[in-house]
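Inspection log for the structure reproduced underneath, given as structure tokens.
The values are calculated or read from the model by the stated rules, or taken from the named source; none is laboratory data. Values in this document were obtained by computation on a predicted structure and should not be read as measured data. Positions of Cβ are generated from backbone atoms using ideal geometry, with glycine treated the same way; all protein chains shown enter the neighbour counts. Heads up: the accessible areas ignore ligands, DNA and RNA and are worked out on the full protein's heavy atoms, side chains in. Shrake-Rupley method; radii C 1.70, N 1.55, O 1.52, S 1.80 Å.
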Amino acid sequence: MSIGVESIPGARRLIKSLRDMGYEFESAVADLIDNSIAARANTVRINSHWAGADSYVSIADNGVGMSPQELREALRFGAERDYDDDDLGKFGLGLKTASLSQCRKLIVASRQNESRADINAYCWDMAHIEATNKWEILPVRSADMPEQVRLHLKETTGTVVIWQQLDRILGYNNPDGEPARKRLIEMCRKLEEHVAMVFHRFLENKVRGKRLAIYIQDDKVTPWDPFVANEPKRKALEPLSLRVDGHYGRSDVVFEPYVLPAQSMFSSPEAHKRASGPNQWNRQQGFYIYRADRLIQSGGWSGIRTIDEHLKLARIAVFFSPKLDEEFKINVPKMKVAFPAEIRADVEKAVKTWTKVADETYRTANKNAGAASPAPAPLPAAPVAAKGSWKLPTSPAPSPATSGALGNPGYSNANVPVPPTNGAGVTSEELARVGRLLKRVAKPDELPVIDAAVARAQSTLEA
């Protein structure tokens, strides 16, 4: 038998490739929260600290922590450990690849001893790897850690991950500038939406034995439930269970289909808007696929059908065990999955039944809304204005009530022109009726604009 020759990859080149595994900021942080849950933490605190080029991000938990040996193994690419059936980890890569996709220096500090604040810390430093071409982690002294990290681990066992040299996060030639600061703030806002969705079952205490609270910048994250369980008009359809014979054993894939209420049937406009989700109604329809209760895919039909306005009320929860990772083709960032071939035909058949109910609910609600709203009398044609006489009406600077409340700065009543009818043939009652009709089909952030435009038109009639 021939003797093998070990061939160690070049650190300098390979680690640069490993930085490009497909992580976004939100998915990278979510991968670290997976580790905190596996370490039996019930609190995770995520903070960004702005200091220009010296800015850093920290993810701290109160889990069981790691011994020095466990910490060094955790920082090894392809770390080996035993995974439980409901463990959120898989490849032994997430801590390193997720972190280095966002920063050039990764520090991990941990405390395991409950009676003594013994803190151990090591780091991956891209500058050191580029200089030495070696797979070396460096020890970090407590005195060289941010004070917030030391204070956290003095109070509790657990682990703190620190991202420094945030080249992928700040993304600017001048990391000290205002655009870089605003970018970091916006990324934290999106992160809150993401973790509220991905870990909503843990945040809602629906996962047995795994109570969890997440704080971002000291604000507690409120879970986002895709299936609006508190809405009385929500329809829960008959669940479906399909058996899959996987490489690591037999397991069931469970489908729980729901049809959400139409807009007019929600308990409030605010509840309807919140239910729209981070990607808004149309893109949030479809499958919500959970691996060990952690959301992997949020919306979309996985190639079974296309997005359809009439089906935007359909959302289907899908639960599978990590035993079926091979069959679902889960990737390292845990962001993409595919249904096993042996159940795909059954899923397609069931989707036709579920989406039929969603389609009927949508069309019935629209039909009823139209029947309940008498059509307004047609408006007479506006008098033809002389060339050059059409101008946007002038108005004072927009107030908070009329500016774009949801990210539309400058979108005020000055952007809605009203033809100079001088009241010719239009009554105040007819104009009010048109306003009511427009408000029935408007989005929440458009309502103040409609109110302002109708009010100005009313004042024109009274002039």
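Values as computed for the structure displayed
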{"read-out": "Residue match in the stretch 121-136 (condition: part of a helix (DSSP H, G or I), open to solvent by 70 Å² or more (accessible area, probe 1.4 Å) and either within 27 Å of Leu212 (Cβ to Cβ) or in contact with an Asp or Glu (Cβ under 6 Å, 6 or more places away or on another chain) (or both))", "value": "no"}
{"read-out": "Number of the exception - Gly158 against (1) on the phi < 0 side of the Ramachandran plot; (2) in contact (Cβ under 8 Å) with a residue 12 or more places away in the chain", "value": "(1)"}
{"read-out": "From Glu238, Glu270, residue being charged (D, E, K, R), assigned to a helix (DSSP H, G or I) and over 22 Å from Ile330 (Cα atoms)", "value": "Glu270"}
{"read-out": "Hits in the stretch 168-204 - residues which are in a loop (DSSP other than H, G, I, E, B) and either open to solvent by less than 80 Å² (accessible area, probe 1.4 Å) or touching a helix residue (DSSP H, G or I) at 6+ places or on another chain (Cβ under 8 Å) (or both)", "value": "Gly171, Tyr172, Asn174, Pro175, Asp176, Gly177, Phe199, Glu204"}
{"read-out": "The stretch 53-67, subset outside any loop (DSSP other than H, G, I, E, B) and within 17 Å of Val29 (Cβ to Cβ), residue most open to solvent (accessible area, probe 1.4 Å)", "value": "Tyr56"}
{"read-out": "Qualifying residue in the stretch 30-49 (condition: among the hydrophobic types (A, V, I, L, M, F, W, C), in contact (Cβ under 8 Å) with a residue 60 or more places away in the chain and open to solvent by 40 Å² or more (accessible area, probe 1.4 Å))", "value": "no"}
{"read-out": "Of residues in the stretch 138-149 being within 32 Å of the chain's Cα centre (by Cα) and buried (at least 17 other Cβ atoms within 10 Å of the Cβ), the one nearest to Tyr56 (Cα to Cα)", "value": "Pro146"}
{"read-out": "Candidate set: the stretch 222-259, residues that are under 21 Å from the mean Cα position of the chain (by Cα), open to solvent by less than 80 Å² (accessible area, probe 1.4 Å) and without any contact (Cβ under 8 Å) to a residue 60 or more places away in the chain; chosen: the one nearest to His310 (Cα to Cα)", "value": "Tyr258"}
{"read-out": "Looking only at the stretch 300-330, and only at residues there that are part of a loop (DSSP other than H, G, I, E, B) and more than 30 Å from His272 (Cβ to Cβ), the one that is most open to solvent (accessible area, probe 1.4 Å)", "value": "Lys329"}
